[in-house]
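Inspection log for the structure reproduced underneath, given as structure tokens.
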Amino acid sequence: MATTGTTRSARPEDHHPDIDWVAAERSPEFRELIRKKRSFVVPATVFFLVWYFGFIILAGYAEDFMGREFITDGLTVGYALALSQFVMVWVLGAMYLRRADRDFDPLAERAAQVALRRRDDGGRS
């Protein structure tokens, strides 16, 4: 791996050793962020795993079904389902990015601001 001689370091404003991280984790803003993230990530993960292992099970036990031609000559149900795995990853990734931009990032910013404000107030708020 080539190096350019420069190293990436954290910006000074990103380093906050005096923040009470336990209190930040317990804050309502942070808990809302985690709740919203879980409400998306867990169902999306379950859906993808069911989709993926459903394909694997069908490939192993439903050979006749997976070998049927589908839409056009040469394209089988198995190939269509295999290709749909790639589509599903891109769709779920796009959905996550959209949700992160719209919901998660503003919540993370609010939780960070609350933690910084508490630090600046000496932990009183």
key: Subset of the stretch 24-50 [under 14 Å from the mean Cα position of the chain (by Cα) and among the charged types (D, E, K, R)]   = R35, K36, K37, R38
query = In the stretch 62-108, which residue that is among the acidic types (D, E) and surrounded by 10 or more Cβ atoms within 10 Å (Cβ to Cβ) is farthest from V46 (Cα to Cα)?
reply = E69
message = Among the residues of the stretch 48-87, what is the count of those that are among the aromatic types (F, W, Y) and free of Cβ contacts under 8 Å to residues at least 12 places away in the same chain?
response = 5
task = Output the number of residues of the stretch 28-74 satisfying the condition of being of a type in the set (A, V, I, L, M) and at pLDDT below 90.
result = 2
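The values are calculated or read from the model by the stated rules, or taken from the named source; none is laboratory data. Since we're looking at a predicted model, the values are computed, not measured. Counting neighbours? That spans all protein chains shown, and the Cβs are built from the backbone with ideal geometry, glycine included.
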